[in-house]
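Single-structure report; data block below.
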Amino acid sequence: METSLAIAERALFAIDPDGSEHSIVIRVEQPTLIAQADWGTYVTLLGLDSKRHLIGGIDSWQSLHLAMKFPEHLLPGYIEKGWKFFWDRGGTEFKPSDLFDSLRAP
């Protein structure tokens, strides 16, 4: 399996329910044509989940947009299980929606 180019990453810090500390890297790869007319973008959450999540779309734009939003929808499940996420070690705790608040139009 060929690995796509990582085009964006964001480093985070997390504490799991048992108190263990983890460095997390959210990685978004370059969209690729996965079928005759469908596109896919892989997202990984290194240090949290070993799976490469394939986020599909009708074109590269949609696939990339949905991939960038994917962590915002995945992280609440971890928070419900007791995980806590921070911008960095010793930093401010955040909500998954905070990942994109700075990108939203006022």
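Figures for the structure shown
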item	result
Residue in the stretch 3-13 that is in contact with a Ser or Thr (Cβ under 7 Å, 6 or more places away or on another chain), modelled with pLDDT under 95 and of a type in the set (Ser, Thr, Tyr) present	yes
Tally, over the stretch 18-40, of residues that are closer than 26 Å to Glu80 by Cα and in contact (Cβ under 8 Å) with a residue 12 or more places away in the chain	8
Residues being among the polar types (S, T, N, Q) and either within 27 Å of Asp16 (Cβ to Cβ) or within 12 Å of the chain's Cα centre (by Cα) (or both) - total across the stretch 32-50	3
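Residue-by-condition table, conditions (1) of a type in the set (Val, Ile, Thr); (2) modelled with pLDDT of 90 or more; (3) under 12 Å from the mean Cα position of the chain (by Cα); (4) under 14 Å from Arg10 (Cα atoms):
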site	(1), (2), (3), (4)
Arg52	no, yes, yes, no
Ile58	yes, yes, no, no
Trp61	no, yes, no, no
His65	no, yes, yes, no
Glu80	no, yes, no, no
Arg104	no, no, no, no
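The values are calculated or read from the model by the stated rules, or taken from the named source; none is laboratory data. It should be emphasised that the depicted structure is a prediction, and the values quoted were computed from it without experimental measurement. All Cβ positions, even for glycine, are placed from backbone atoms using ideal geometry, and neighbour counts span all protein chains on display.
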